[in-house]
1. To the nearest Å, what is the center-to-center distance of segment A:101-145 and segment B:124-196, using C-alpha atoms only?
2. Set the Förster distance to 30 Å, then compute FRET efficiency between B:Phe147 and B:Arg188 from the Cβ-Cβ distance, nearest 0.05.
3. Taking both sides together, what accessible area is buried at the B/A interface, probe 1.4 Å, expressed in Å² and rounded to the nearest 100?
4. Less than 15 Å Cβ to Cβ from A:Gln81, Lys/Arg counted +1 and Asp/Glu -1: what total charge do the surrounding residues give?
5. Of A:Lys108/B:Lys252; A:Lys108/B:Lys157; B:Lys160/B:Lys192; B:Lys77/B:Lys252; A:Lys40/B:Lys160; B:Lys160/B:Lys204, which ones are farther than 32 Å apart at the Cα?
6. Averaged over its residues, how many other protein chain Cβ atoms are within 10 Å of peptide A:36-44's Cβ atoms?
7. Determine the shape class of segment A:2-211: with a ≥ b ≥ c the square roots of the Cα gyration tensor eigenvalues, call it rounded for a/c under 1.5, and otherwise prolate if a/b is greater than b/c, oblate otherwise.
8. State whether segment A:106-212 is rounded, prolate or oblate according to the following rule on the C-alpha gyration tensor (a ≥ b ≥ c being the square roots of its eigenvalues): a/c under 1.5 gives rounded; otherwise a/b larger than b/c gives prolate, and the remaining case gives oblate.
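The values are calculated or read from the model by the stated rules, or taken from the named source; none is laboratory data. Since we're looking at a predicted model, the values are computed, not measured. Cβ atoms come from the backbone with ideal geometry, glycine included; neighbour counts cover every protein chain shown. Quick note on the areas: whole protein, heavy atoms, side chains included, nothing else; ligands and nucleic acids left out. Shrake-Rupley method; radii C 1.70, N 1.55, O 1.52, S 1.80 Å.
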Amino acid sequence: MECVVQGIIETQHVEALQILLQGLCGVPKDRVRVHEFCLKSGPNLGVVPSEVRLLCDLAQPTPTWTVRHAGGAMRGAGAEQLSVLVRSVVESKVSNNALRFFYAVGYKLDHELLKIGFAFRFQRVVPITVTVTSANRMPRLHAIDDAVPLTPGIQLVEITAPAAGDNYNEVAAAVSSFCEYLVPLLHLSKPGVSTGIVPTAAAAASSLLSNSGGKAI
Amino acid sequence: MVPKKTSPTSPVAIRGTQESLTMVLPRRLMNWLPKYGSEITNPLLAEVILCLEGFGSITKVGNWLHRITIYRAIDRKGAYVSDASASSRNLGHKFLGIAFHDHPSVYFFVIPLPRHLTVLEADANIQILMSQLGSFKHSSVRYFQGFQYRLGDFQLKVGKCFRSAPENFRGIVLEIEYLPLSSMEVCRPIMKEFFGILQEEFSKMSVPGHLINIEAHFERFGLQDYYTAQHTALQYSACLFQLGVALRGGKKHDLIISDCLLRRS
């Protein structure tokens, strides 16, 4: 289970966001370079259509593979009131032939992306991960070297934190509280609820850059 | 002197390339073929164990239990996808999920179908992920259970294979692990010699029947000479089908699967 919020930011303000995050988190950023395969169940496979994501982490000296399945979001009045989405998530490290395996058992490639950016992983009441990435599509199958931005000039910001049935309220509160620090630059909301870019971003970015001398640590 | 195992299974030490897969020490699996006309029974298993325990310096070090789950693809109505439908859709609709007693943090899937031959290694929680997908069902579970021994540089597991209740078992298996080396090629003659010694001992003690090797088609599944836990997963899959075919007289589909897994001598 995890708590998640998402938002978007213009690429020109990403450096300012990085400075802000570095100051807030106090940890060095990690490079993100992930080849993501979205696989969907083939026709008439399974009681309901399903989707898994295979993530190949290219930032490691030796690429590592993870399979991820995000289940449905938590529902009900309590969930509605939360400003973050709570959903079940299972992730498992797998060997490098996972794509072959899922093809064999009836899953088809729906789309693939190359996500490039950075992440901050830190502890603030609970472990929190902030990732800032640009999504790139490939003109040809698996051609990551030719990837081009899917949304030029816009990057995705995602904040996630692991949660459990007995602590998701606490985790959601920690994530919401952290989001408030980022408000001048971007607005974060539940995935699928688009809030667009914020009008104060340019001024906030300019202020952050001038205060830091324009350099991310 | 028995050297220490260098690399116990790590949940995060797998994947990426063949080199980073879970490394274990070479193992060889065999099953007991009873004398013509006789059956696999508890007294026979007791005889095999008694004979094994007769080796001078052998020490019992514990119990073991491996679990093999047979997964089958299901359709929108929740019914199993038939062989004919799977074949027309080129679907790997039957595969095995394997949990080893000595590697609790990892799990293996083996697809033993022509055109789909694959061994996947994953963290153990992939079982939860697979059940959440709602695309596959467990059709049945097989267990391998018994005792574990240490004899010099070798570790031995002897036990039985059963479906639901231990008393209704379908085969006797023996696993030999050679502790000092990880290359199968180098270990092969040593294992062969040890196998010969065991066979001779069983024969001397007049245990009815003999051991036969499970020779799995490692190369068909893309496995290399460096022994990994995936090799063990493949050997147990092959053993399961060898026992299954022996018991049921060989259904056509089982024979196709066992041909994919087993190397015939």
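1. About 36 Å separates the Cα centre of segment A:101-145 from the one of segment B:124-196.
2. Computed FRET efficiency for B:Phe147 and B:Arg188 comes out at 0.70.
3. What B and A bury together is about 2900 Å².
4. 0
5. As for pairs spanning more than 32 Å Cα to Cα, those are A:Lys108/B:Lys157; A:Lys40/B:Lys160.
6. Partner Cβ neighbours, averaged per residue: 2.
7. Values: a/c = 1.84, a/b = 1.31, b/c = 1.41.
Oblate shape, in that a/c is at least 1.5 and b/c is the bigger or equal ratio.
8. Oblate.
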